[in-house]
Amino acid sequence: MLRAAALRRGLSTSQGKRVVVVDGARIPFAMAGTKYKDQMAVDLMRYALRGLLTKTALPVTEVDYVLCGTVVQEPRTSNIAREAAMHAGLPHDIPAHTVSLACVSANAAICQGAEKILAGQADVVIAGGCETFSDVPIRYSRPIRKRLLGAAKAMKKGPMGALSLLKGLKLKDLAPEAPSIKNFTTDEVMGHSSDRLATKFGVTREEQDKFTLRSHQNAQKAHDDGVYAEELVPGVEGDADLHENGIKAQSTPEQLAKLKPAFVKNGAGTHTAANSSFLTDGAAATLIMSESKALELGYAPKAYLNNWTFAAVDPFEEMLLGPTYATAKVLDMAGVSLDDIDVVEFHEAFAGQVLANFNAMSSDEFGREKLGRQGAVGTMNMDKVNPHGGSLSLGHPFGATGARLVTTAANRLQREGGKLALVAACADGGVGHACVLERYPQ
């Protein structure tokens, strides 16, 4: 039997539709190997989905589609969106699929959901993402895998067949392989790329450490003031602790200055373990709808999702500079300037990456030569940027961060009374994302 929600879906694009952000929820982000060390990523996503459903009192039969982002995939839950949705109590006849676009996976999930709404394929979409680094899949080396795959056939030949499996193996082949965070094409970790980017755009170690401390202090103040109470839901069954254990607001400039470079170690490196985001477990979910459906169901939306885009750049030279390209593009799409933006939620993969992007945006030369503009994108007003902390302090579960950014931006628009918000993030592979939200009138 077809559900009522399925019957509502049509094949033609509905003209005049607008996508709204209704609400969002996330479990407390935690340093890998701590709070969620015994949980699978699918469990974390389930907690976020269930928390969002409880928070919004959304009838599960109204959901048309579920999309979730993730990066380090567990083979047993390869379509983690589907598994998490069913385990969260959503009906089995609600389609779901998983998105993987590095650190902007949740951004991609939200945008794909919005596109489904605009295409008339859905009215109610839950989109978000999850990640765990406490339970990553570790596999045998390729030589061992090849022999294991042929083991059944070899064993039929008796003892000699079994011994043949060992032929050609080296001691190093016995070592297990954990997932690498290095880029496949460049063979570099993002920290190396960001370190070079900071040098290129004149970002000093002192500036990075100062921005890092600001992030931690802002995050702690936000928790102390109860700002995140409207976003956070329990991350473990029966655990009401909403503390996020990566926040180190007690750090001092002197302590940060003593840390050694973590990536470029020839004396020129400026990126450390502190001014780089840490490996994080977490999950987040965002509820988006067509405006008409949200009002029909009695919801007060928080923001319109007006414009969104993705940009791709040279991964060797500009790996994490994608947000500058995407921001320039999305501002043009929206017909506004950077000065028109009231709220900025900018992903903090590395302090150097954030500040390098801001320097690129304010450069007339970069605007002309790289972006084809008459001049700079604009100068970022730091008072508008991440006043409640960011990925450096809250943490960065690769597949979940995008949903956190969108939810926080929408909440800030309502709380601060601004009109427009910019969300921007970089991702491995030289991809950048940006979107513009507009405060929904209450």
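Worth a mention:
- Test: residue in region 369-376 that is touching a helix residue (DSSP H, G or I) at 6+ places or on another chain (Cβ under 9 Å) and either surrounded by 24 or more Cβ atoms within 10 Å (Cβ to Cβ) or assigned to a helix (DSSP H, G or I) (or both): no
- Each residue in region 272-314 was checked for being part of a loop (DSSP other than H, G, I, E, B) and among the hydrophobic types (A, V, I, L, M, F, W, C), and 6 of them qualify.
- Condition met for ALA262 (surrounded by fewer than 20 Cβ atoms within 10 Å (Cβ to Cβ), within 21 Å of VAL71 (Cβ to Cβ) and of a type in the set (Gly, Ala, Ser)): yes
- Tally of residues being modelled with pLDDT of 95 or more and either buried (at least 21 other Cβ atoms within 10 Å of the Cβ) or under 18 Å from the mean Cα position of the chain (by Cα) (or both) across region 54-77: 9
- Test: residue in region 207-222 that is in contact with a Leu (Cβ under 9 Å, 6 or more places away or on another chain), buried (at least 22 other Cβ atoms within 10 Å of the Cβ) and of a type in the set (Ser, Thr, Tyr): yes
- Residue count for region 103-132 satisfying the condition of being of a type outside the set (Gly, Ala, Ser), surrounded by fewer than 24 Cβ atoms within 10 Å (Cβ to Cβ) and in a loop (DSSP other than H, G, I, E, B): 1.
- Number of residues in region 333-342 that are part of a loop (DSSP other than H, G, I, E, B) and of a type in the set (Asp, Glu): the value is 1.
- The residues on offer are GLU365, GLU345, GLU318, and the sole one that is at pLDDT 95 or above, more than 18 Å from the chain's Cα centre (by Cα) and either within 23 Å of ARG18 (Cβ to Cβ) or assigned to a helix (DSSP H, G or I) (or both) is GLU365.
- Odd one out for GLN39 among (1) in a strand (DSSP E or B); (2) closer than 19 Å to GLU244 by Cβ; (3) more than 15 Å from the chain's Cα centre (by Cα): (1)
- Contact map, region 19-36: residues that are in contact (Cβ under 8 Å) with a residue 12 or more places away in the chain paired with residues that are in a strand (DSSP E or B) and surrounded by fewer than 24 Cβ atoms within 10 Å (Cβ to Cβ), Cβ distance under 6 Å, separation 6+ or inter-chain. Pairs shown: VAL20/TYR304; PRO28/LEU232; ALA32/LEU279.
- Number of residues in region 197-206 that are in a helix (DSSP H, G or I) and surrounded by fewer than 22 Cβ atoms within 10 Å (Cβ to Cβ): the value is 4.
- Residue count for region 255-288 under the criterion of being out of contact with any Ser or Thr (no Cβ under 9 Å at 6 or more places or on another chain), farther than 20 Å from ASN218 by Cβ and without any contact (Cβ under 8 Å) to a residue 24 or more places away in the chain: the result is 4.
- Residues (crowded, with 24+ Cβ neighbours inside 10 Å and hydroxyl-bearing (Ser, Thr, Tyr)) located in region 390-442: SER391, SER393, THR401, THR407, THR408
- Evaluated against (1) at positive phi; (2) in contact with a Leu (Cβ under 8 Å, 6 or more places away or on another chain), GLY335 falls short on exactly one condition, (2).
- Selection from region 377-389 of residues that are polar (S, T, N, Q) and surrounded by fewer than 21 Cβ atoms within 10 Å (Cβ to Cβ): THR379, ASN381
- Complete set of residues in region 289-324 that are in contact with a Ser or Thr (Cβ under 9 Å, 6 or more places away or on another chain), surrounded by 22 or more Cβ atoms within 10 Å (Cβ to Cβ) and of a type in the set (Ser, Thr, Tyr): SER290
- Qualifying residue in region 291-304 (condition: closer than 17 Å to SER391 by Cβ and out of contact with any strand residue (DSSP E or B) (no Cβ under 6 Å at 6 or more places or on another chain)): no
- Inter-residue pairs, beta-carbon under 8 Å, first free of Cβ contacts under 8 Å to residues at least 60 places away in the same chain and in region 77-100, second part of a loop (DSSP other than H, G, I, E, B) and among the small types (Gly, Ala, Ser), 6+ apart: THR98/SER78
- When we screen THR54, THR98 for residues that are in contact with a Leu (Cβ under 8 Å, 6 or more places away or on another chain) and hydroxyl-bearing (Ser, Thr, Tyr), the only hit is THR98.
- Qualifying position, being touching a residue at least 12 places away in the same chain (Cβ under 8 Å) and either farther than 19 Å from GLU231 by Cα or of a type in the set (Gly, Ala, Ser) (or both), among THR70, THR54: THR70
- Filtered residue count, region 133-148, keeping only those that are of a type in the set (A, V, I, L, M, F, W, C) and surrounded by fewer than 17 Cβ atoms within 10 Å (Cβ to Cβ): 3
- A single entry from GLY418, GLY429 fulfils the requirement of being touching a residue at least 40 places away in the same chain (Cβ under 8 Å) and in contact with a strand residue (DSSP E or B) (Cβ under 6 Å, 6 or more places away or on another chain): GLY418.
- Residue selected from region 78-99 under the condition buried (at least 18 other Cβ atoms within 10 Å of the Cβ) and among the small types (Gly, Ala, Ser), by the criterion nearest to PHE398 (Cα to Cα): ALA81
The values are calculated or read from the model by the stated rules, or taken from the named source; none is laboratory data. Bear in mind the structure is a predicted one, so any value in this text is a computation, not a measurement. Quick reminder, even Gly has a Cβ in these numbers, built from the backbone with ideal geometry, and neighbours come from all protein chains shown.
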